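One structure is given below, encoded as structure tokens.
The values are calculated or read from the model by the stated rules, or taken from the named source; none is laboratory data. What you see is a predicted model; the values in this text were computed from it and never measured. Note: ideal-geometry Cβ built from the backbone for every residue, glycine included; neighbour counts use all protein chains shown. Note: accessible area is taken over every heavy atom of the protein model, side chains too, but ligands, DNA and RNA are not part of it. Shrake-Rupley method; radii C 1.70, N 1.55, O 1.52, S 1.80 Å.
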Amino acid sequence: MAAKTDLRRFPGFLTLTIICLVVLYAPLIVVAVYSFNASTSITKWGGISLAWYIDVFTGPEAPKFQQAAINSMVIAVTAAIAATIIATLAAVAMTRAGRFRGKTLSFALISLPLMVPEVVTAVASLVFFTAIGFTSGLTTILIAHIVFCIPFAYLPISARMQSIPDMYEQAAMDLYATPREAFKLVLLPLMTPGILSGFLLAFIISLDDFLITNFVKGAGVETLPTAIFGSVKQGIKPNIMAISTLMLIVSVIFVSLSWLIGRTGQNKNQET
Amino acid sequence: MTSAEIAVDIEGVIKRYGSFTALHGVSLGICENEFFTLLGPSGCGKTTLLRCIAGFEEVSGGTIRLKGEDITGLPPHKRPVNTVFQQYALFPHMTVAENVMFGMLRSGWSKSDAAQRANQVLEMVQLGGYAARKPAQLSGGQQQRVALARALAPRPAVLLLDEPLSALDLKLRQAVRVELKSLQRETGIAFIFVTHDQEEALTMSDRIAVMSDGEVQQIGSPPEIYESPVNRFVADFIGETNLLDVDVHAVSDGMATLSLPGGHGFSCPAAAVRGAGKGHLSVRPERIALCPAGSGDLDATVTGRVYLGTDIQLHVRLTDDEAMTVRLQNSETTIVPEEGAAVGLKLEVGAARLLAD
Amino acid sequence: MAAGATTSGGTVSNIYKGNSAKLMLPAWAMVGFFLLAPVMMMVVYSFLTKEFRGGVIWDFTLAAYDQFFFDRGLFGDEPPSIEWTYIGIFWRSIWQAGVATIACLLIGFPTAWFIATRRPSTRSAWLFMITIPYWVNLLIRTVSMKFLIRDTGPLNEFLLWTGTVSEPLGLINTNFAVQLGLFYSYLPFMVLPIYAAVERYDFSLSEAAADLYSSIWTTLWLVILPVVKPGIVAGCILVFVPSLGAFLAPDLLGGAKTFMIGSLIEEQFKGSAGNWPFGAAASTILLSIVMAVLLIYARNQNKGSER
């Protein structure tokens with residue numbers, strides 16, 4: 001067994017991995033730490049304080065950020081729900097319907113938002129909405145978000161469905177369930193972890209989006225990322241770091257949830 | 001067997017996948033209260049045929065009748081047959097009880113009737129206290145019994161079993177064989193059992209259909225299949241046999257007159273009517289007796305001996321260089337010749353068979 | 001995302017097959033109307049005339065592309081000469097994206113290898129740790145990086161305080177800062193595909209190579225890398241393409257000298273100095289480059305699987 005491990009070990013790889021992790025986490029940790037900085041100066045450390053967090057919620061910029069946060073949440077929830085439903089239907093067709101006309105094209109279509117560079121999507125969306133005379137605002141943001149959330153919701157749902165052999169649905173039909181009942185009583189429950197995973201993923205993706213939102217939002221509306229960006233352009237203030245840390249925590253929670261749900265579903269299925 | 005006793009009537013069923021034909025017009029009839037086995041090597045079409053009966057595959061031709069009613073075009077959920085799947089397919093998100101009640105609830109049974117029947121069936125497979133468990137908490141053998149209970153609970157007309165024992169280890173397999181057989185007797189419904197294991201088929205079945213390359217080679221009871229194989233495939237697939245090249249002189253009244261290798265004349269049952277010419281004789285190794293050289297049907301030299309515990313297997317070579325195997329019972333009275341010795345072989349007339357091909 | 005791998009065919013898939021159109025309709029509608037059509041509209045816009053305060057006049061012209069490639073106009077009095085400014089910006093973006101990709105590869109491959117060779121019980125924990133930062137908002141990550149490395153930031157503070165340097169490193173607003181930002185943004189995209197490929201790698205190949213006198217580095221170069229290549233290629237694409245059109249990293253971490261495509265395009269649509277057709281043209285060119293790269297990749301995939 002010792003010989004086997006040696007063949008897998010390359011000197012220096014562990015170091016590089018540590019470097020990788022350090023680079024990934026350092027900026028975030030630093031910002032989180034400095035968000036508790038008591039001093040008003042950005043860089044001189046003045047002791048621990050929650051002042052900036054309080055400022056986020058009650059300071060002069062608070063209403064702007066609060067409205068932006070609400071906008072972000074509403075859009076994220078709505079976009080995630082819509083994208084998840086659309087992605088679920090598509091996943092059912094792609095993994096269960098065998099070969100149908102237009103299948104490869106459908107697959108390309110679902111992946112399209114991932115393949116088009118974000119800035120191009122942003123420009124295209126802005127141009128489109130302007131051309132058809134759609135006033136920019138929450139609706140335009142929502143529509144754009146739904147579109148690029150679809151592939152993100154699709155990925156875990158499709159992966160989950162592929163790991164469920166259709167023998168369960170066959171068994172259900174063998175036991176007199178109609179195809180609809182087989183779907184509702186057998187396939188859907190087994191797919192649930194994937195659907196939840198997809199929803200959470202879509203939610204986070206929508207919540208985090210900056211570029212596309214910035215292009216299509218028009219003048220009057222802000223989401224949290226665009227509000228933060230606007231503020232950063234005027235200089236990094238400590239309350240930005242507080243908001244950043246808050247968003248960091250929210251993201252981590254959601255991703256952990258998504259991952260855990262994905263894993264429990266997998267364990268349940270593997271044991272049969 | 002009168003037609004009234006036939007549970008499943010399969011007539012000329014053809015199944016094609018694109019340019020590949022899996023079933024070339026299969027016809028057979030399975031009787032009520034019968035343990036019927038589809039036996040054959042992998043790829044012979046036995047599972048395909050089972051899936052056609054269950055409704056998971058649409059036939060490309062032919063009809064399937066269940067108790068006289070044509071079910072060929074019906075989707076699986078409209079056919080009163082239930083399947084025990086090779087991998088059990090127990091719904092992982094439901095308890096054992098919910099699994100077992102599934103088919104009944106879908107067919108319109110009331111919840112109380114279904115629960116009652118579920119308990120009854122679980123008792124029948126000796127899983128009485130396991131109703132609240134989830135499949136993941138059960139052993140392989142227990143899961144298989146739940147699959148059985150689930151399939152039997154809705155009182156199907158016929159039960160289909162797709163190699164249900166292949167995932168079990170040997171000791172368990174042997175125990176379950178006995179249980180399955182008695183279960184079939186108890187419920188009184190026809191079991192259609194698919195396997196590639198010929199020992200399984202021989203020990204459990206009332207009748208066996210031996211299949212190869214999408215065609216039925218022979219249908220018969222285990223003794224018939226074993227002792228009266230119809231062609232080389234069946235003779236070779238079931239148990240061990242010796243296949244001798246012989247010269248057929250005539251076949252009449254089911255008996256063949258032929259010349260064995262080495263020239264000796266011989267007469268034995270024939271599997272089918274055929275003309276004179278070259279043929280194959282099938283003789284089981286245990287149906288050959290040793291005698292002094294020159295005084296038997298064949299002359300041979302011993303080339304090897306294999307000790308098998310219960311038997312001694314003797315490898316011999318005939319004068320025309322054909323190899324044969326003889327099985328001698330390992331007992332005090334058996335005289336086992338040395339390697340290189342010249343022996344004579346006496347073939348049991350009733351056990352030897354001229355094959356159709 | 002190989003589709004349809006688990007159906008055993010027969011009546012189950014037939015049931016779904018009949019409804020495949022209805023099932024795919026919502027996806028087709030959303031992506032068709034709100035991505036495909038907009039992109040086509042964008043290409044159309046690149047052939048229109050610019051409106052003074054943003055927007056377009058529906059007069060077809062090649063003016064936008066003209067402005068992009070030539071400085072004096074294709075149809076002017078003097079013979080046209082190539083305008084290098086914008087092409088230069090594109091070229092710089094390709095170069096920046098390339099450097100970021102290579103950096104991701106050099107750090108990402110060892111990381112992916114390391115994680116994939118951990119014990120199965122710890123493996124998912126490592127993966128989790130690598131992917132968490134990705135899920136933090138890209139804007140926040142980029143802002144954090146800016147905060148960290150700028151002249152008055154903690155990094156320089158620390159270096160000054162320990163006496164390692166005598167003056168701030170001047171990292172911000174440089175090409176290096178942008179590359180660092182891109183590297184930081186897309187590193188997990190390199191790690192994950194390589195990880196997936198290494199996980200599927202059959203270690204008996206390494207054992208066979210060792211049995212035949214190969215050192216671990218030779219084995220890496222001659223055996224492991226070729227086998228794991230699909231994962232590496234996928235990772236490179238997943239880093240290169242987004243880096244090419246990136247906006248945040250160049251905008252927040254770079255300056256005037258590091259202007260990239262993303263910033264160039266964004267500039268055209270903000271405020272009254274914008275030139276919509278020009279922005280649309282630049283976007284179309286960017287899209288074409290990306291699609292070309294993806295098509296080449298897809299074709300190579302097909303060639304590989306045909307064997």
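A few comments on the model shown:
- Residue within the range B:90-113 that is in contact with a Ser or Thr (Cβ under 9 Å, 6 or more places away or on another chain) and more than 12 Å from chain A (Cβ to nearest Cβ) present: no
- Among the residues listed as C:Trp58, C:Trp135, C:Trp126, the single one being more than 21 Å from the chain's Cα centre (by Cα) and at pLDDT below 85: C:Trp58
- Evaluation of C:Ile87 against (1) at pLDDT below 80; (2) open to solvent by 30 Å² or more (accessible area, probe 1.4 Å) (one fails), failing number: (1)
- Top-ranked residue of the range C:16-32 - restricted to ones that are open to solvent by 40 Å² or more (accessible area, probe 1.4 Å) and more than 21 Å from A:His145 (Cβ to Cβ), ranked as nearest to the other protein chains (Cβ to nearest Cβ): C:Lys17
- With respect to the conditions (1) under 23 Å from A:Ala51 (Cβ atoms); (2) open to solvent by less than 10 Å² (accessible area, probe 1.4 Å); (3) at pLDDT below 85, A:Ser231 falls short on a single one, namely (3).
- Criterion: at pLDDT below 85 and either among the aromatic types (Phe, Trp, Tyr) or within 19 Å of C:Ala64 (Cβ to Cβ) (or both) - qualifying residue of C:Gly271, C:Gly262: C:Gly271
- Top-ranked residue of the range B:64-91 - restricted to ones that are among the polar types (S, T, N, Q) and open to solvent by less than 40 Å² (accessible area, probe 1.4 Å), ranked as farthest from B:His196 (Cα to Cα): B:Thr72
- B:Ala151 being among the aliphatic types (A, V, I, L, M) and assigned to a helix (DSSP H, G or I): yes
- Highlighted here are the strands (runs of 3 or more DSSP E) found entirely within the range B:207-313 that include at least 3 residues which are buried (at least 19 other Cβ atoms within 10 Å of the Cβ): B:207-212, B:215-220, B:242-252, B:277-283, B:298-307.
Yes/no per residue for (1) on the phi < 0 side of the Ramachandran plot; (2) modelled with pLDDT under 90; (3) away from chain B (no Cβ under 14 Å):
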site: A:Ala131; (1), (2), (3): yes, yes, yes
site: A:Leu138; (1), (2), (3): yes, yes, yes
site: A:Leu142; (1), (2), (3): yes, no, yes
site: A:Lys184; (1), (2), (3): yes, no, no
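- Residue that is nearest to A:Thr135 (Cα to Cα) [pool: residues in the range A:222-257 that are in a loop (DSSP other than H, G, I, E, B) and touching a helix residue (DSSP H, G or I) at 6+ places or on another chain (Cβ under 6 Å)]: A:Glu222
- Filter result for the condition that a residue is at the interface with another protein chain (Cβ under 9 Å from one of its Cβ atoms), at pLDDT below 85, under 22 Å from C:Thr142 (Cα atoms) and open to solvent by less than 30 Å² (accessible area, probe 1.4 Å), over A:Thr17, A:Thr43: A:Thr43
- A:Lys237 away from chain B (no Cβ under 12 Å), closer than 30 Å to A:Val127 by Cβ and not polar (S, T, N, Q): no
- Candidates C:Leu238, C:Leu253, filtered to the one that is surrounded by fewer than 22 Cβ atoms within 10 Å (Cβ to Cβ), in contact with a helix residue (DSSP H, G or I) (Cβ under 6 Å, 6 or more places away or on another chain) and within 13 Å of chain A (Cβ to nearest Cβ): C:Leu238
- Checking each residue in the range C:18-51 for being aliphatic (A, V, I, L, M), farther than 19 Å from A:Thr84 by Cβ and at pLDDT 85 or above picks out C:Leu36, C:Ala37, C:Val39, C:Met40, C:Met41, C:Met42, C:Val43, C:Val44.
- Given (1) at pLDDT 85 or above; (2) more than 23 Å from C:Pro154 (Cβ to Cβ); (3) facing chain C (nearest Cβ under 7 Å), number of the condition A:Arg8 does not satisfy: (1)
- Given (1) surrounded by 24 or more Cβ atoms within 10 Å (Cβ to Cβ); (2) out of contact with any Cys (no Cβ under 7 Å at 6 or more places or on another chain); (3) more than 10 Å from chain B (Cβ to nearest Cβ), number of the condition A:Ser206 does not satisfy: (2)
- Residues located in the range C:269-300, provided they are outside any helix (DSSP H, G or I) and open to solvent by 50 Å² or more (accessible area, probe 1.4 Å): C:Lys270, C:Gly271, C:Ser272, C:Ala273
- The condition (being out of contact with any strand residue (DSSP E or B) (no Cβ under 9 Å at 6 or more places or on another chain), within 14 Å of chain A (Cβ to nearest Cβ) and at pLDDT 90 or above) is satisfied by just one residue among B:Ala157, B:Ala149: B:Ala149.
- Residue check, A:Phe152 among the aromatic types (Phe, Trp, Tyr), more than 10 Å from every other protein chain (Cβ to nearest Cβ) and touching a residue at least 12 places away in the same chain (Cβ under 8 Å): yes
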